[in-house]
Amino acid sequence: MRELPGFQQRVLDRLRDPARPRFGVVKSVTGSGIRRAIEEYIREVTTDALVLVLAPRREIIEQWAYRLRESVDVPVIVLDSSSTALQLLEQSLVPHGYVVLATYARASHGPSRLALSELNYGLIIHDTPFRAFSDKVEQLNYRAEHVIALTNQETTRTEIEWPLLADITSDDVTHDSGLATVVDVPFVLSNEERALRAEIVELLTEYGVSAGVPLRLASDSKPHLHTLLLDLTSSGDYPEKKSGSDLGYTKVDAALAERAWGLVDRIENAPADSRVRVLEQVVEKETSSGARCIVVAPTATDAYYIAGYLDGSGNRHCAVLTTEIPMTELAPELDGLMPSQPIIVTTPIFAHIERWAAGSTVVLWPSPRSRRSFGELPGTSDTYSEIRVLRLTEVEGKQERAR
């Protein structure tokens, strides 16, 4: 068994407690590495029972498959096709001692639903469920001895009314991991940038109210806000639901769409985001000393924007690693990167790949979530002690302070 940081070990001990409730919630901040404790518990459960992991997105399932095969070495069945489901249904794949991975969509329809509904489980894990469980998923829950929901303090929108097994905060992670103090690198947005951002957020909030979906921005950068505005205005009809989008499917009011187009014009004619110019200086300083620089961006849109800006400003070519890249392809790609090459990576991948962070400088791209906690870091105490962490932090400029 791998040695775990204190907060992860406490979660594992709680899961091992035979007196714990049948259904329970483990809440944590992004990047706490809490899945390491869950993986260890899975290894123990699979000695004599079947484990099912359900998640809303295919990328999360791929990450689970990669991690379980690499770190826990348990047999994994990914329900990604009808043929695999039929094999499981016909018992040609022996389920005992396996971990079965499936999206909620697969678990609720077709052969996969039939196969899963025929099995009994020692443990079911729900990884960041995005809505209330359907009747079909609830039926699966009652085929398990224990059920755990992993929720995120910043992003989970659905409240699951189960007993709380653990609540991991940023303070827990910092205290138990021995993380050095995060160094804030200040940047100042111009009055024009702040005003434009405020107008866009106001419009998106209005849309969220009309759609019945509260707006929770993953990022408030110009490129991400620009993407959301285009989603909202697409075809003047239903905005396209893209991976990671903060918008839903509700039809856009014509007046709202017209305002959005006006904001699109303004944002496209605006100069580069002030924060990216500060980031350029940080990356140049860190990489010139031979360090590997990892810029952690909350969205793929931000990652590609940052990489494009740094490439265009004369820095070495940046690698962009997002959840669009299968986990099995990430390890060899990382191995081929030069130590001094900047790496742009979205938060979900950074939280699942730890070995290449040691000795690096990590720069946290600002977002509404990272202003509440630093939780974009992986959860390993040995890695924490070997990285330098810089966080871009918005501060008020002289004009604003003079008021």
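The values are calculated or read from the model by the stated rules, or taken from the named source; none is laboratory data. A quick note: this is a predicted structure, and the numbers were derived from the prediction, not measured. A quick note on method: Cβ atoms are made from the backbone with ideal geometry, for glycine too, and the neighbour counts reach across all protein chains shown.
Just one residue in the set Ser108, Ser81, Ser117, Ser32 is exposed (fewer than 15 other Cβ atoms within 10 Å of the Cβ) and either hydrophobic (A, V, I, L, M, F, W, C) or under 26 Å from the mean Cα position of the chain (by Cα) (or both); that residue is Ser81.
Here Val201, Val183 are screened, and the one residue that is in the same structural domain as Val363 (by TED's automatic domain parsing) and either modelled with pLDDT of 90 or more or touching a strand residue (DSSP E or B) at 6+ places or on another chain (Cβ under 6 Å) (or both) is Val183. Among the residues of region 129-161, which ones are hydroxyl-bearing (Ser, Thr, Tyr), out of contact with any His (no Cβ under 9 Å at 6 or more places or on another chain) and either modelled with pLDDT of 90 or more or crowded, with 17+ Cβ neighbours inside 10 Å (or both)? Result: Tyr142, Thr156. Under the condition of being in a helix (DSSP H, G or I) and among the hydrophobic types (A, V, I, L, M, F, W, C), the residues counted in region 102-151 number 7. Residues that are at pLDDT below 85, under 28 Å from the mean Cα position of the chain (by Cα) and of a type outside the set (Ser, Thr, Tyr) within region 239-280 comprise Pro239, Glu240, Lys241, Lys242, Gly244, Asp246, Leu247, Gly248, Lys251, Val252, Ala272, Asp273, listed in sequence order.
Cβ-Cβ distances below 8 Å connect the following pairs, each with a first residue in region 105-133 that is on the phi > 0 side of the Ramachandran plot, a second residue that is in a helix (DSSP H, G or I), and a separation of six or more residues or different chains: Gly110/Ser82; Gly110/Ala85; Thr128/Ile60. Can you find a residue in region 96-119 that is over 21 Å from Ile34 (Cβ atoms) and either modelled with pLDDT under 85 or outside the structural domain of Val51 (by TED's automatic domain parsing) (or both)? Checked against the condition, which is being over 21 Å from Ile34 (Cβ atoms) and either modelled with pLDDT under 85 or outside the structural domain of Val51 (by TED's automatic domain parsing) (or both), region 96-119 yields at least one hit. Evaluate the following for Ile38: is it closer than 19 Å to Ile160 by Cβ, at pLDDT below 90 and assigned to a helix (DSSP H, G or I)? In short, no.
Condition check ((1) more than 23 Å from the chain's Cα centre (by Cα); (2) in a strand (DSSP E or B); (3) at pLDDT below 90; (4) within 22 Å of Leu52 (Cβ to Cβ)) across all residues:
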position: Asp172; (1), (2), (3), (4): no, no, yes, no
position: Leu196; (1), (2), (3), (4): yes, no, no, no
position: Val209; (1), (2), (3), (4): yes, no, yes, no
position: Leu215; (1), (2), (3), (4): no, no, yes, no
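Residues of region 281-296 that are surrounded by fewer than 20 Cβ atoms within 10 Å (Cβ to Cβ) and modelled with pLDDT of 85 or more: Gln281, Val282, Glu284, Lys285.
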